[in-house]
1. Please work out which residue is farthest from Ile24 (Cα to Cα), limiting yourself to segment 68-80 and to residues that are in a loop (DSSP other than H, G, I, E, B) and in contact (Cβ under 8 Å) with a residue 40 or more places away in the chain.
2. Please indicate, with yes or no, whether at least one residue in segment 201-212 is closer than 18 Å to His143 by Cβ and basic (Lys, Arg).
3. Looking at segment 97-106, can you tell me whether even one residue there is open to solvent by 20 Å² or more (accessible area, probe 1.4 Å), within 14 Å of Leu186 (Cβ to Cβ) and either of a type in the set (Val, Ile, Thr) or modelled with pLDDT under 95 (or both)?
4. Got a number for residues in segment 109-125 being under 19 Å from the mean Cα position of the chain (by Cα) and either crowded, with 16+ Cβ neighbours inside 10 Å or without any contact (Cβ under 8 Å) to a residue 12 or more places away in the chain (or both)?
5. Can you give me the number of residues within segment 13-60 that are among the small types (Gly, Ala, Ser), over 20 Å from Ala243 (Cβ atoms) and surrounded by 23 or more Cβ atoms within 10 Å (Cβ to Cβ)?
6. Let me spell it out: the conditions are (1) farther than 16 Å from Leu153 by Cα; (2) open to solvent by 50 Å² or more (accessible area, probe 1.4 Å); (3) modelled with pLDDT of 95 or more, and Ser282 meets all of them except one. Which number is the exception?
7. Taking only pairs six or more apart or across chains, which ones have beta-carbon atoms under 7 Å, a first residue in segment 226-253 that is open to solvent by less than 10 Å² (accessible area, probe 1.4 Å), and a second residue that is of a type in the set (Ser, Thr, Tyr) and part of a strand (DSSP E or B)?
8. If the requirement is being in contact with a strand residue (DSSP E or B) (Cβ under 7 Å, 6 or more places away or on another chain) and over 24 Å from Gly129 (Cβ atoms), which of these qualifies: Ser43, Ser10, Ser84?
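The values are calculated or read from the model by the stated rules, or taken from the named source; none is laboratory data. Values in this document were obtained by computation on a predicted structure and should not be read as measured data. Glycine also receives a Cβ, built like all others from the backbone with ideal geometry; neighbour counts cover every protein chain displayed. In case anyone asks, the SASA skips ligands and DNA or RNA and just uses the protein heavy atoms, side chains included. Shrake-Rupley method; radii C 1.70, N 1.55, O 1.52, S 1.80 Å.
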Amino acid sequence: MKLIILDHYSQASEWAAKYIRNRIIQFNPGPDKYFTLGLPTGSTPLGCYKKLIEYYKNGDLSFKYVKTFNMDEYAGLPREHPESYHSFMWNNFFKHIDIHPENTHILDGNAADLQAECDAFEEKIKAAGGIELFVGGIGPDGHVAFNEPGSSLVSRTRVKTLAMDTILANARFFDGKLASVPTMALTVGVGTVMDAREVMILITGAHKAFALYKAIEEGVNHMWTVSAFQQHPHSVFVCDEDATLELKGKTVKYFKGLMLVHNKLVDPLYSIKEKEIDKSQSSKKPYSD
């Protein structure tokens with residue numbers, strides 16, 4: 001497990017975006033080999049998405065051969081609703097990059113049979129070869145996706161009733177009206193995320209500090225579902241300084257001491273421009289007389 005500690009939210013967002021960029025480019029995706037990326041919603045990943053859009057617009061990154069699978073969606077909220085996660089992803093990310101719509105996968109919260117929709121989502125992930133990198137965020141109570149406290153740590157994609165803390169936290173997106181916040185959602189399970197070859201969790205802000213403490217310094221506990229990723233062979237937690245307020249000083253010092261090593265994951269920062277140059281050079285015929 002790696003814990004990446006940056007000074008501010010913007011730096012944490014940029015580090016995460018650089019990591020995603022390098023992973024996609026190093027994977028070298030193509031028409032017969034797609035990179036599969038799990039994605040979250042919420043305010044935390046917005047800074048990361050903005051940087052990824054910037055990389056695409058600068059010609060450094062392409063999502064043409066990337067397939068995405070989103071973590072969750074509200075049940076019963078129309079897809080066109082401004083607070084649906086379908087709207088969120090298209091407005092904040094997908095419509096700004098070159099990803100093909102058929103390669104984006106978001107659970108349908110209005111399906112006639114919600115559990116059948118969840119089961120089909122699991123099958124789509126399998127058909128895509130599994131998730132290469134699953135990016136997630138957490139709530140103040142340590143929930144990942146909508147895997148609320150008490151969720152099974154081997155759970156699969158399913159329908160979940162939302163905890164009151166989650167409803168209260170999300171009310172700000174519905175003009176503060178609790179009655180307007182959906183009470184159920186479709187969500188990938190903890191086990192679904194654990195199956196990914198790599199997991200990156202974004203945790204920023206002092207209000208997430210206790211959850212980060214539970215994730216890093218205490219044991220695996222189904223009341224803090226984010227703690228499950230202690231047992232993932234390739235997990236990366238990316239946080240800002242505010243999120244470390246509940247960690248022991250020696251824990252922070254230990255992980256900050258590893259940053260020289262961990263920063264090598266994003267430096268050098270790769271670009272598809274370099275690959276295009278390499279291709280053009282390798283295609284030239286060797287000089288001969």
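1. Checking each candidate, the answer is Gly76.
2. Yes, segment 201-212 contains at least one residue that is closer than 18 Å to His143 by Cβ and basic (Lys, Arg).
3. So far as segment 97-106 goes, yes, one or more of its residues are open to solvent by 20 Å² or more (accessible area, probe 1.4 Å), within 14 Å of Leu186 (Cβ to Cβ) and either of a type in the set (Val, Ile, Thr) or modelled with pLDDT under 95 (or both).
4. 4
5. Within segment 13-60, residues that are among the small types (Gly, Ala, Ser), over 20 Å from Ala243 (Cβ atoms) and surrounded by 23 or more Cβ atoms within 10 Å (Cβ to Cβ) number 1.
6. (3)
7. Close Cβ pairs (under 7 Å, with a partner that is of a type in the set (Ser, Thr, Tyr) and part of a strand (DSSP E or B)) amount to Phe229/Ser235.
8. None of the other options fit; the residue is Ser84.
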